[in-house]
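What follows is one structure encoded as structure tokens, with my remarks underneath.
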Amino acid sequence: MGSGDPRLRLTLHRPGGTPRIMRGMPLHFIRIALVLGLLQAIGPFAIDMYLPALPSIGASLGASASAVQASLMAFFISLGLGQMVYGPASDMLGRKKPLYFGLAVFAVGSVGCALAPDIQTLVAWRFVQGLGACAGMVVPRAVVRDLHTGAEAARLMALLTLVFSVSPILAPLFGSFLIEWSGWRAVFWTVTIAAALAGVLLATSLPETRPAEQRLGSTVRSAVAAYWLLLRDGHFMGLVLIGGFGISAFFAYLANSSFVLIDHYGLSTRQYSYAFAANAISFIGMSQFTGPMIGRFGMLPLLKGGVAGFAAAMLAALALNLAGFDGMWPMLALLFIGYGCLGLVMPSSAVLALDEHGEIAGTASALMGTLQFMTGAAVMAVVGTFVDGTARPMLAGVAGSALLTLVITLWTLRGGAGKSVGAHA
């Protein structure tokens, strides 16, 4: 279905060669955000429902904490690597076909995880599951760029984040109920059903946003050339790494928080799900201010301010722990503030990174996702080598990632760097 689909009420805005949703159609705007957010949430749903189960999986399969964390890391590695394929494929084949294929692979991997007899098999099937889930991570960002640029894209990205972020709020709580009711394997049967429902939603509610005439110049050779172009674009790479180390701070928390809060601080799986959801609510809530705050302050000042607040809160949390204060509530409060600031950073950095690469949005989105997830997996691996049952390794990983985010932001956006794209946005 092309860009003239009357259900979406698209108009052709030809200076950039990409369609836009008419500004007077907020319901269509919300509908697209809902569909894209739900498709993008499939992968994170498989992570967040899984988190409360990590200690029980270790007990059930006779695996150590590091071995169980390897199943999470395998998911993230494949989630990152697979995007390098799905992004160019979405430029060449359209946005919907790669999404269908990814959902099918994800469903097969989920069934394999549900039937896994040992930790090694679980790790292998988690890798397959991630190869499917990454389609939902990369293609929706390209669809946003198909439809909008600048502040409008930031508003749509923030609204998409709102839908997408339902996962870290509800999934751990839902997962804890499932685990208590029928064990950790029920988590994987549930996400298999979710993938099937997402396929129905994709077929009925999302038109094709990259029509055939825009795919003519997209080939494997052009994808390789596009990757080379993007890798040499210092501004693009800087913005990608801002988001990469920002999300790495969340990955470090994600991989270790269940062991820290359940085993070290003694929370139940349900109490842990509440604590985890609080940070997600902070992230979501602040991300929804992105659009209005861009209009008031501009995108670049908002990005810089968000990074500064993020780094300050996370470094303070580590400093308290190093000073010998191991209280749970001050730590959770500072994490709440830090992840709220990160909610301003992620949509803004993604929009700025893609803003000048509309013709290769799928490829640019893929490279962004791959580098960010591989950065997150590397941070998780480093933190995992220092796990000692306390909160300190986790906080060191979170604070170190936040500090690197700050340094890269100051370097990438120094002086006049990025002023033209920021003014356009």
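The values are calculated or read from the model by the stated rules, or taken from the named source; none is laboratory data. Predicted, not measured: the structure shown is a model, and the values here were computed from it. When we count neighbours, we look across all protein chains shown, and the Cβ atoms used for this are built from the backbone with ideal geometry, even at glycine.
May I ask you to verify whether residue 349 is among the polar types (S, T, N, Q), assigned to a helix (DSSP H, G or I) and modelled with pLDDT under 95?
So residue 349 passes the test.
Please count how many residues of segment 385-419 are within 20 Å of residue 319 (Cα to Cα), of a type in the set (Gly, Ala, Ser) and crowded, with 17+ Cβ neighbours inside 10 Å.
7
Check every one of the helices (runs of 4 or more DSSP H) wholly within segment 185-263 and list those with 1 or more residues that are surrounded by 21 or more Cβ atoms within 10 Å (Cβ to Cβ) and at pLDDT 90 or above.
185-205, 234-258
Restrict the check to segment 110-118 and report whether at least one residue is crowded, with 24+ Cβ neighbours inside 10 Å, in contact (Cβ under 8 Å) with a residue 12 or more places away in the chain and assigned to a helix (DSSP H, G or I).
Yes; the residues of segment 110-118 include at least one that is crowded, with 24+ Cβ neighbours inside 10 Å, in contact (Cβ under 8 Å) with a residue 12 or more places away in the chain and assigned to a helix (DSSP H, G or I).
Identify, from the list 377, 353, 361, the residue that is surrounded by 20 or more Cβ atoms within 10 Å (Cβ to Cβ) and over 20 Å from residue 233 (Cβ atoms).
From the options 377, 353, 361, the qualifying one is 377.
Looking for something outside any helix (DSSP H, G or I), closer than 21 Å to residue 242 by Cβ and either touching a Phe, Trp or Tyr at 6+ places or on another chain (Cβ under 6 Å) or of a type outside the set (Phe, Trp, Tyr) (or both) - is there at least one such residue anywhere in segment 269-284?
Among the residues of segment 269-284, not one is outside any helix (DSSP H, G or I), closer than 21 Å to residue 242 by Cβ and either touching a Phe, Trp or Tyr at 6+ places or on another chain (Cβ under 6 Å) or of a type outside the set (Phe, Trp, Tyr) (or both), which makes the answer no.
On the given criteria, is residue 292 part of a helix (DSSP H, G or I), without any contact (Cβ under 8 Å) to a residue 12 or more places away in the chain and farther than 20 Å from residue 238 by Cβ?
Yes: the conditions hold for residue 292.
Show the residue pairs meeting these rules: Cβ distance below 9 Å; 6+ apart or different chains; first residue within segment 75-93 and on the phi < 0 side of the Ramachandran plot and in contact (Cβ under 8 Å) with a residue 40 or more places away in the chain; second residue part of a loop (DSSP other than H, G, I, E, B) and surrounded by 24 or more Cβ atoms within 10 Å (Cβ to Cβ).
75/50; 90/210; 91/210; 93/210
Considering only segment 51-109, how many residues are outside any helix (DSSP H, G or I) and not small (Gly, Ala, Ser)?
1
Are there any pairs with C-beta distances below 9 angstrom linking a residue in segment 174-185 that is β-branched (Val, Ile, Thr) to a residue that is part of a loop (DSSP other than H, G, I, E, B) and crowded, with 22+ Cβ neighbours inside 10 Å, with the two at least 6 apart or on different chains, and if so which?
Sorted first by the residue in segment 174-185, then by its partner, the pairs are 179/49.
Starting from residues that are in a loop (DSSP other than H, G, I, E, B) and modelled with pLDDT of 70 or more, keep the ones in segment 1-50 and report whichever is surrounded by the fewest Cβ atoms within 10 Å (Cβ to Cβ).
50
I'd like to check something: does segment 276-283 contain any residue that is crowded, with 19+ Cβ neighbours inside 10 Å, within 23 Å of the chain's Cα centre (by Cα) and of a type in the set (S, T, N, Q)?
Among the residues of segment 276-283, at least one is crowded, with 19+ Cβ neighbours inside 10 Å, within 23 Å of the chain's Cα centre (by Cα) and of a type in the set (S, T, N, Q), which makes the answer yes.
Under 7 Å by Cβ, and 6 or more places apart or on different chains, what pairs join a residue from segment 394-414 that is farther than 12 Å from residue 247 by Cα and without any contact (Cβ under 8 Å) to a residue 40 or more places away in the chain with one that is surrounded by 24 or more Cβ atoms within 10 Å (Cβ to Cβ) and of a type in the set (Gly, Ala, Ser)?
none
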